[in-house]
Amino acid sequence: MTQLQHPEAPLVPVSPHLIDADAPTRPRPTASPRHPVVKAFADPAALGLGAFGLSTFLLSFANAGLVPAAAVAVLGIGLFYGGLAQVLAGLWEFAQGNTFGSIAFVSYGAFWMAYWWTQTNPALAREAGGAGVGLFMICWGIFTAYMVVAALRINVMLSVLFIIATFTFVALGLGAFTGEAWLGHIGGWLGFATALTAWYGSFASVTNATWRRNVIPVGEISAS
């Protein structure tokens, strides 16, 4: 067995046949500062960020007041792509030993599943009301805000993504809580910025992994 150093845990025994011999020449995983590159798993960040970005982009058309029907169109995508696919990406991040990526993707996957459940159960949505939905979104804003601290250790792309996403959740939450439509519309436009940043990260992850070098920059932050 070969020992691989990990910044978040003691030495982890990894079978030699699972270690990717080309790892030193490959781009660093997008959603992690440093972790063992295991040959059996690709970098799940491309899937997780893509799922988060697409689902958020579609829903933002409704939140911004541009295409109200997008709130219905997003439900299937939100459940299967934003929800299930993100949870799977997070589980693969767990297998890679990446705390940040696993917590982020599983959490936001669960967010989309919870959103789908609420929106497809009208009685539940009525019981929650604007105040309940607003607090739901604000709580996610708090979670996203403290994830910013960890993102600042990884790269610029993730830092920007989580900062914008924090303001998005807060704006949407305040809009629902107060009943002020203009706050929700601001949240929608911030959602577009959040989605495009996530898509950029997904694009960088899949492109850099395919080209086996850093073609698309994400602004890696020095580990020192």
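The values are calculated or read from the model by the stated rules, or taken from the named source; none is laboratory data. These numbers were taken from a predicted model, which means no experiment stands behind them. In this analysis, Cβ positions are derived from the backbone assuming ideal geometry, glycine residues included, and neighbour counts consider all displayed protein chains. Calculation scope for accessible area: heavy atoms of the full protein, side chains included, ligands and nucleic acids excluded. Shrake-Rupley method; radii C 1.70, N 1.55, O 1.52, S 1.80 Å.
Of the residues Leu161, Leu75, Leu88, the one with the largest accessible area comes first in the ranking Leu88, Leu75, Leu161, computed with a 1.4 Å probe on protein heavy atoms. The candidates Val160, Val149, arranged from most to least accessible area with a 1.4 Å probe in the full protein assembly, appear as Val149, Val160. Report, to the nearest whole %, how much of the accessible area of region 89-203 belongs to carbon and sulfur atoms, 1.4 Å probe, protein only. Carbon and sulfur together cover 79 percent of it. For region 89-181, the ratio of Cα radius of gyration to the globular rule of thumb 2.2 N^0.38 Å stands at 1.20. The residues of region 106-224 have, on average, 51 Å² of accessible surface per residue, using a 1.4 Å probe with all protein chains present. Take Val72: with every protein chain present and a 1.4 Å probe, its accessible area is about 100 Å². A probe of 1.4 angstrom, applied to the heavy atoms of all protein chains, finds Arg213 with accessible area near 130 square angstrom. Each Cα pair of region 147-188 feeds into the Kirkwood radius, which the Stokes-Einstein equation turns, at 20 °C and 1.002 mPa s, into a diffusion coefficient of 199 µm²/s.
As a test question: what accessible area, to the nearest 10 Å², does Tyr146 have when a 1.4 Å probe is rolled over all protein chains in place? In the full protein context, Tyr146 sits at about 130 Å². With the largest listed first and rounded to whole Å, the semi-axes of the equivalent ellipsoid of region 41-197 from the Cα gyration tensor are 25, 17, 14. Calculated FRET efficiency, Trp189 to Ala71, Cβ-Cβ distance, R0 = 22 Å: about 0.90 to the nearest 0.05. Note on Glu220/Ile103: beta-carbon distance plugged into 1/(1 + (r/R0)^6) with R0 of 30 Å gives a FRET efficiency of 0.90.
Summarising the amide proton neighbourhood of Val215: residues at separation of 5 or more, or on other chains, whose placed amide H is nearer than 5 Å comprise Asn208.
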